[in-house]
1. Volume per residue, Å³, of the convex hull around the alpha-carbon atoms of segment 1-69?
2. Considering only the other residues whose Cβ falls under 13 Å of the Cβ of Leu46, what net charge follows from Lys and Arg at +1 and Asp and Glu at -1?
Amino acid sequence: MNRDTGIARRTETLTSTELETCGVCHSRKAIAKNPLPGEPYLDGYLPALLEAGFYQADGQIEGEVYEYGSVLQSRMHAAGVTCSNCHEPRSAKLRAEGNALCTQCHLSVSFDVREHQHHEPCGTGAQCVNCHMPTKTYMVVDERRDQACDLSVSPSTPAPPCKAASPAVRPAKKGSA
Ligand code: HEC
Ligand code: HEC
Ligand code: HEC
Ligand code: HEC
């Protein structure tokens with residue numbers, strides 16, 4: 001844990017195998033050839049690039065691009081954060097609820113505080129994901145969060161009133177393990 005920034009650091013380098021394994025299904029791509037199991041993702045697939053229609057100019061999701069590309073773009077990925085840091089890989093459940101998911105690595109005393117969020121800790125306005133993982137709705141019904149944890153909220157954006165904030169974490173879908 002870096003006490004100055006309040007952000008944890010990975011101590012060993014990350015091999016990209018896991019991200020590529022999840023990315024085979026959770027990315028928008030063209031198939032160049034059918035790769036053999038264990039071959040690198042990019043040997044078989046051509047992931048969608050940052051093109052209009054797929055992503056917005058600042059890299060936020062626009063078309064149905066799923067999660068892999070957004071994670072690749074993020075500073076968190078550059079620092080070695082991977083899917084299973086947030087998702088338990090077998091059940092696909094989140095590792096923790098609400099802000100506790102993020103405060104695994106971002107010190108709560110630095111980030112889960114009014115000075116950072118410009119919010120009273122009321123309702124859902126102070127949820128990390130509401131500012132850092134904006135949602136976009138696909139096929140009318142499927143509201144999906146951007147996986148890049150970007151800073152699309154500018155510091156000058158007025159905080160939404162507590163009542164108007166949208167639910168931070170949707171209730172679990174029926175039947176999900
Ligand atoms: C063989 C294809 C495949 C692979 C590999 C795969 N997934 Fe999935 N995953 C799916 C499908 C299909 C769904 C259902 C999509 C939906 O409900 O929109 C899904 C759903 C999910 C969900 C949402 C679950 C929910 O309850 O809404 C998460 C989170 C997820 N996967 C994470 C992962 C992670 C992390 C990995 C890598 C460890 C991974 N997946 C690997 C196919 C795959
Ligand atoms: C920093 C934490 C974090 C990382 C890293 C992360 N996710 Fe997520 N993911 C979330 C959160 C938070 C949600 C929203 C959950 C909700 O709304 O219930 C989510 C939602 C999802 C969903 C459900 C999308 C839908 O249809 O609603 C899938 C699938 C998914 N993630 C896959 C992945 C994959 C694959 C990776 C790696 C390439 C990844 N995630 C990396 C935090 C993360
Ligand atoms: C496994 C550890 C880990 C988890 C869990 C985690 N982060 Fe991070 N996060 C990091 C690291 C490491 C960095 C990169 C810091 C750097 O580059 O100095 C980072 C960077 C960020 C940034 C800065 C991104 C930018 O482009 O400037 C934001 C915002 C962020 N995280 C939000 C979140 C949110 C929201 C969650 C929960 C959904 C979360 N993080 C969960 C480790 C984590
Ligand atoms: C009301 C909106 C809002 C909420 C809620 C929020 N943030 Fe932020 N966050 C911002 C803004 C705006 C910035 C960029 C300006 C700044 O650093 O103050 C930022 C910056 C960051 C950064 C980058 C810091 C760096 O060193 O570059 C991280 C990491 C981060 N937030 C994590 C979190 C975590 C973790 C939570 C939840 C505990 C959270 N944020 C809740 C708005 C928010």
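Please treat every number below as a calculation from the coordinates, not as lab data. What you are looking at is a predicted structure, and each value in this text was computed from that prediction instead of being measured. Quick reminder, even Gly has a Cβ in these numbers, built from the backbone with ideal geometry, and neighbours come from all protein chains shown.
1. Once divided by residue count, the hull of segment 1-69 is 111 Å³.
2. Around Leu46, the charge tally is +1.
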